[in-house]
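Have a look at the structure below before the remarks.
The values are calculated or read from the model by the stated rules, or taken from the named source; none is laboratory data. Since the structure is predicted, the reported quantities are computational estimates derived from the model, not experimental observations. As a convention, Cβ positions derive from the backbone with ideal geometry for all residues, glycine included, and neighbour counts pool all protein chains shown.
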Amino acid sequence: METITIELNSPKARKLIDDLADLGIISVKQVEPTWSTLWNRLDRQLPQTEPDLTEADIQVEIQAYRREKREE
């Protein structure tokens, strides 16, 4: 058995591939995208703005939240 990657340029080519798969001559397997590919795709859709918060600001918020939880 041999595994190859084929780029289809025509809907007719896809039909041929599907017909071969239906005949049991070949198997068609979809490649799952990696986590980094999915993240990059999502990241491109998000607005690209500079964050107003610094790491120090985040730490202050975390400490305040923890203090509040301890007092409850």
Query - Subset of segment 33-72 (residues that are surrounded by 10 or more Cβ atoms within 10 Å (Cβ to Cβ), under 30 Å from Ile6 (Cα atoms) and among the aliphatic types (A, V, I, L, M)) - result: Leu38
Query raised in the report: Any chance segment 38-53 includes a residue that's outside any helix (DSSP H, G or I), among the aliphatic types (A, V, I, L, M) and free of Cβ contacts under 8 Å to residues at least 24 places away in the same chain?
Result: yes
Query raised in the report: Are there any pairs with C-beta distances below 6 angstrom linking a residue in segment 13-32 that is surrounded by 12 or more Cβ atoms within 10 Å (Cβ to Cβ) to a residue that is part of a loop (DSSP other than H, G, I, E, B) and hydrophobic (A, V, I, L, M, F, W, C), with the two at least 6 apart or on different chains, and if so which?
Result: Arg14/Leu8; Leu20/Ile26; Ala21/Val28
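Condition check ((1) modelled with pLDDT of 95 or more; (2) not aliphatic (A, V, I, L, M)) across all residues:
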{"position": "Lys12", "(1), (2)": "yes, yes"}
{"position": "Ser27", "(1), (2)": "no, yes"}
{"position": "Glu32", "(1), (2)": "no, yes"}
{"position": "Ser36", "(1), (2)": "no, yes"}
{"position": "Arg44", "(1), (2)": "no, yes"}
{"position": "Pro47", "(1), (2)": "no, yes"}
{"position": "Ala56", "(1), (2)": "no, no"}
{"position": "Glu71", "(1), (2)": "no, yes"}
